[in-house]
Ligand code: HEC
Ligand code: HEC
């Protein structure tokens with residue numbers, strides 16, 4: 001019991017709960033299927049948009065300008081007046097700075113750009129702020145994390161804190177950390193955002209799924225990032 005409590009205090013990244021094969025796939029940049037999206041994101045980064053300048057023409061070399069950026073998201077954005085995740089911040093640049101159409105959730109463009117930007121922070125510790133204007137969003141996320149939902153009447157915390165390391169329907173339940181996302185999920189045959197993963201958890205407990213970009217999902221993302229503070233980003237992750 002005491003050993004379990006001590007273990008629960010240690011942050012364990014998501015890939016540690018995966019099989020040896022999946023771990024190997026994630027670690028090898030030439031084999032990791034998520035790298036295809038990173039490459040697509042790099043192309044988009046350097047390409048002029050139909051109605052505005054390229055990302056690169058304002059931000060320059062992503063390896064320099066975007067280093068560490070993903071580790072600080074979700075973040076309160078003063079120009080938007082709310083907490084946004086990385087995808088939301090990129091989307092704002094597309095709409096406001098490139099005068100383009102909003103990026104559709106889980107589209108190749110949105111996944112590619114967010115994977116490419118996140119990749120510039122690989123290995124860097126998650127370091128979000130939940131103070132000041134971000135506080136109400138964080139509080140909302142903390143409350144949601146322990147709120148029982150769905151027909152199974154379970155909260156995030158019941159699976160990912162109380163039962164982390166145990167097996168559920170052939171899967172080892174992890175701590176539910178965000179460090180590996182966006183990740184390539186073998187079951188989905190695609191890269192996927194953290195929000196898609198969270199929506200799958202809502203589905204798993206037979207609860208209504210919050211919409212992409214909803215306040216609830218942003219709040220949960222901020223709560224998870226704060227709970228994961230110090231864990232290095234390992235993106236793109238690979239999951240079964
Ligand atoms: C019935 C148990 C259960 C509940 C409740 C649940 N999840 Fe999950 N969750 C899983 C399983 C199973 C997986 C896939 C295996 C894993 O990585 O834990 C998963 C995966 C995740 C992951 C991805 C971890 C990774 O490294 O790939 C995150 C993040 C996560 N859940 C967060 C949440 C949040 C937030 C909630 C509450 C809204 C929640 N989960 C509710 C079972 C659950
Ligand atoms: C016309 C110039 C311009 C273009 C084009 C542009 N951005 Fe931005 N971007 C900005 C400015 C200015 C900010 C700072 C936002 C603020 O604080 O108001 C920013 C902020 C960001 C941030 C957040 C940085 C941080 O430190 O939090 C990301 C990520 C980002 N942009 C990605 C992109 C991507 C990806 C593209 C291409 C799809 C893009 N931007 C296109 C001007 C631009």
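The values are calculated or read from the model by the stated rules, or taken from the named source; none is laboratory data. Being a predicted model, the structure only gives us computed values, none of them experimental. Positions of Cβ are backbone-derived with ideal geometry, glycine not excepted, and every protein chain shown enters the neighbour counts.
Hey, can you tell me all the residues within segment 183-234 that are part of a helix (DSSP H, G or I) and within 16 Å of ligand 2 (Cβ to nearest atom)? 194, 218, 221, 222, 225, listed by residue number.
Taking segment 52-88 as the range and being touching a strand residue (DSSP E or B) at 6+ places or on another chain (Cβ under 7 Å) and within 13 Å of residue 115 (Cα to Cα) as the test, only 71 passes. Any idea which residue in segment 89-111 is farthest from ligand 1 (Cβ to nearest atom), counting only those that are in contact (Cβ under 8 Å) with a residue 40 or more places away in the chain and touching a strand residue (DSSP E or B) at 6+ places or on another chain (Cβ under 8 Å)? Filtering first and then ranking leaves 99. Quick one: in segment 135-177, which of the residues that are over 21 Å from residue 11 (Cβ atoms) and part of a loop (DSSP other than H, G, I, E, B) is modelled with the lowest pLDDT? Ranking the qualifying residues of segment 135-177, first place goes to 169.
Kindly evaluate residue 67 against the criterion of being closer than 29 Å to residue 163 by Cβ, modelled with pLDDT of 95 or more and surrounded by fewer than 16 Cβ atoms within 10 Å (Cβ to Cβ). No.
Does residue 225 fit the bill of being over 25 Å from residue 30 (Cβ atoms), crowded, with 17+ Cβ neighbours inside 10 Å and at pLDDT below 95? Against the criterion (over 25 Å from residue 30 (Cβ atoms), crowded, with 17+ Cβ neighbours inside 10 Å and at pLDDT below 95), residue 225 does not qualify.
Could we say that residue 180 is in contact (Cβ under 8 Å) with a residue 40 or more places away in the chain, more than 24 Å from residue 42 (Cβ to Cβ) and in a loop (DSSP other than H, G, I, E, B) here?
Working: in contact (Cβ under 8 Å) with a residue 40 or more places away in the chain: yes; more than 24 Å from residue 42 (Cβ to Cβ): no; in a loop (DSSP other than H, G, I, E, B): yes.
No, not satisfied.
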